[in-house]
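Report on one structure; see the data block that follows.
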Amino acid sequence: MFNKTIVTALRVMLLLCISLSGAFCVAAPTAAEQVPLAVEAAARNHVQRWADSSGLVEPKFELNVVRGSRPLAACRQAVTVDAVDTRLPSRMRFAAVCAGADGWRYEFVVRAQISARIAVVASDVPSGKVLTDEDVLLERHDISGIADSVSDPQDVVGMSGKRALRSGEVLRATLLTAPTVVKRGDAVRIVARREQIEVSMAGEALDSGARGTLVRVRNANGTVIRARVTGAATVEPVDMPVSTNSPTP
């Protein structure tokens with residue numbers, strides 16, 4: 001364990017010493033025992049920013065800085081820490097660099113164990129069944145090796161599994177697909193909304209589509225428009241607003 005006084009002082013210096021390139025740095029001179037602390041602080045900052053941008057629910061993480069066999073040395077200059085490879089939180093690489101003629105460069109592996117409350121299957125769901133609120137729960141799981149976990153259950157409600165889903169299974173984006181809710185030839189309702197006004201008219205889908213996709217629709221006047229699928233047999237116009245004089249079915 002590192003001395004708590006050193007850790008506290010280093011954290012203060014890290015807050016005051018961030019280079020223009022975004023790399024962490026430690027004010028000169030830098031003792032050898034401060035180098036892995038700087039690497040840990042840089043990795044922690046990266047993981048925290050990643051967790052925030054990913055919208056994780058109640059994230060928790062632990063970091064382990066793995067030293068190489070090469071002995072660490074002090075640096076007369078400020079030491080900067082750059083991210084080398086952060087694609088996998090479970091195995092990231094950071095480089096600590098001491099500038100100057102007698103400088104050095106050390107690479108460290110940092111392993112992050114990250115957990116968060118993510119969406120899981122509440123009960124067995126057959127392949128193709130559309131997920132409802134009752135099918136999804138939030139549970140804490142280790143997501144260090146999961147790149148496409150889902151934090152908001154509403155992101156998967158209305159989707160269906162590409163295969164049967166087991167109770168307790170972590171829901172991943174790659175396991176799900178948006179079901180086709182409008183099929184070619186279906187009678188659809190075209191709904192246009194503006195502020196507090198809603199106007200609708202009948203139409204016929206000329207393409208099949210899932211929620212959120214664009215399809216061609218022939219409206220009651222015979223005009224073909226582009227529309228976005230908003231639900232079962234319901235679309236909203238994209239490039240041609242529905243006139244307030246349009247008939248309402």
For the stretch 185-201, Karplus couplings with θ = phi - 60° (6.51, -1.76, 1.60), whole Hz, Gly/Pro x: x, 5, 6, 10, 10, 8, 10, 10, 10, 8, 6, 9, 9, 10, 10, 9, 7
Under-5 Å amide H pairs with residue 143, H placed in peptide plane, nonlocal only: 114, 115, 116
Long-range amide H partners of residue 230 with built H, under 5 Å: 212, 235, 236
Relative contact order %, the stretch 116-177, counting alpha carbon pairs below 8 Å whose residues are six or more apart: 46
The stretch 26-55 and the stretch 88-149: distance between their alpha carbon centers, rounded to Å: 18
Residue-wise HN-Hα coupling along the stretch 147-160, computed from phi with Karplus coefficients 6.51, -1.76, 1.60 (Hz; x: Gly, Pro): 8, 10, 5, 10, 8, 10, x, 5, 6, 10, 5, x, 9, 9
Three-way shape label, the stretch 180-237, alpha-carbon gyration tensor, a/c 1.5: oblate
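Every number here is computed from the coordinates shown, using simple stated rules; none is lab data. Quick caveat, the model's predicted, so the values are computed rather than measured.
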